[in-house]
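Some notes on the structure that comes next.
The values are calculated or read from the model by the stated rules, or taken from the named source; none is laboratory data. These numbers were taken from a predicted model, which means no experiment stands behind them. Note that each Cβ is placed from the backbone with ideal geometry, even for glycine, and that neighbours are counted across all protein chains shown.
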Amino acid sequence: MKIITTTLTTVLVVACLLCQAAVSAEETDKSADAGLPFVYTEWQHFGIEDGLPNDHIFAIKAVGDKVWVGTEDGLACYDKKTGKFKSWKEKDGLPWRVISAIDVNPKTGEVWLGLFGGGIARFSGGRFDHYHQLNSGLVNDVVYGLTIENDNVWVATTAGASRYNTVTKKWTIYTEKNAPMEEIWNYGACYDAGKVYLAVWGSGILEFDVATERWKDYLDPDGEMEIDLYRDDGIVHVITTGVSHVDKTLWVSSYFGMCRYDGRHWRGYYAKETGLPSDFGNGVAGRDANEAWYSTDKGLGVLTDFPSDTWVTYTMDPKTHAGTAVIRHGKKVVKTVSMPRSVPHNYILTVAFDGDDAWVGTSKGLARAIGKGYYKGLKANDK
């Protein structure tokens, strides 16, 4: 009887496992039937041999036919008409070798550069104008982020933020004394729809209303530094590294996960349950309210469709240098796409959109993801 009972138990267990597997497969099929996102399968790579002054890329800004690139040793500009780079180093008049941030004034076309250890610079008419602690109101020369707001240039530094009015020449400094900064290490800055957003190490995200000049902070409500105790209760962590605001939606990267906020609801994202290759985020670029590209230390995680929680993860095989794109609905793998190349390195530092294309800066090379046939959201899976 014991033998028979054991055998029956084993049969039942195996049957249950097979049933679960069938259900899992069925769920995967249903996820696939929900549709597939656009996957970038055509990539161009650029390095020093192509005209870049250095292949460690910190910043990218695409405007019109020009793509400005900030590297560890100089500034570069890619002309999409000619397909060639022009570069500037210190010997060419560049005030500082390391460029950590770039923005372009839409009114004047002036290119503003954040210099990692050298303050900021304005590039206009072939000339560089240099601003630093000794000749301006810049609060610190170690610059991580920079953004243009109307006639103002906002600079995120390790000792607070500075705001420079290019018309009145007036400087304003923001630190813990006049802004809700629990820490003053500013990592990132962006401007959108009348508000400036600062990503601050230890202070979450700070929002500055240009019209009222009032601040608002976004902090982790549970107050726990190591983990996120309560899901979707607010920003995932106060050590933020990047911020992007588009279509009334706030996208945030941190060293402990990523998140999205639509003005009413928060959503946290972690590698264990999504297409994020890592919880260690170097930055984020929001394309619209439903799509955001997260730069991590282990690859590029793209939330392609927020409503369906659909992701595409782009990585490079260190041995073969071939590329892989993995499509997921949540944590469930729907499809894996192999390609000759993808990101040039898995340590991703920055992303910039250029129409349907996207530019990706890594610790070992610059890439252009060509978006021929790009579409938003999902399309029915053609079988």
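Descriptive notes on the structure:
- Test for Glu149: is it in contact with a strand residue (DSSP E or B) (Cβ under 9 Å, 6 or more places away or on another chain), in contact (Cβ under 8 Å) with a residue 40 or more places away in the chain and charged (D, E, K, R): yes
- Strands (runs of 3 or more DSSP E) wholly inside segment 332-383 containing at least 1 residues that are touching a strand residue (DSSP E or B) at 6+ places or on another chain (Cβ under 8 Å) and among the hydroxyl-bearing types (Ser, Thr, Tyr): 332-339, 348-354, 357-362
- Residue ID - nearest to Gly47 (Cα to Cα), chosen from residues in segment 315-331 that are without any contact (Cβ under 8 Å) to a residue 24 or more places away in the chain and outside any strand (DSSP E or B): His321
- Residue in segment 195-207 that is under 21 Å from Val139 (Cα atoms) and not in a strand (DSSP E or B) present: yes
- Checked against the criteria, Leu349 counts as farther than 23 Å from Leu36 by Cβ, touching a residue at least 40 places away in the same chain (Cβ under 8 Å) and of a type outside the set (S, T, N, Q).
- So Thr240, is it over 27 Å from Glu176 (Cβ atoms), modelled with pLDDT of 95 or more, hydroxyl-bearing (Ser, Thr, Tyr) and surrounded by 13 or more Cβ atoms within 10 Å (Cβ to Cβ): no
- The set of residues from segment 41-61 being surrounded by fewer than 21 Cβ atoms within 10 Å (Cβ to Cβ) and of a type in the set (A, V, I, L, M) comprises just one member, Ile48.
- Considering segment 162-187, and only residues there that are hydrophobic (A, V, I, L, M, F, W, C) and over 18 Å from Asp141 (Cβ atoms), the residue that is surrounded by the most Cβ atoms within 10 Å (Cβ to Cβ) turns out to be Met181.
- For segment 154-198, a residue qualifies if it is modelled with pLDDT of 95 or more, within 21 Å of Ser254 (Cβ to Cβ) and of a type in the set (D, E, K, R), and the qualifying residues are Glu176, Asp192, Lys195.
- A count restricted to segment 305-319 and to residues that are hydroxyl-bearing (Ser, Thr, Tyr) and surrounded by 24 or more Cβ atoms within 10 Å (Cβ to Cβ) stands at 3.
- Residue in segment 36-48 that is without any contact (Cβ under 8 Å) to a residue 40 or more places away in the chain, in a loop (DSSP other than H, G, I, E, B) and within 25 Å of the chain's Cα centre (by Cα) present: no
- Check on His237, within 25 Å of Tyr314 (Cα to Cα) and either part of a loop (DSSP other than H, G, I, E, B) or without any contact (Cβ under 8 Å) to a residue 24 or more places away in the chain (or both): yes
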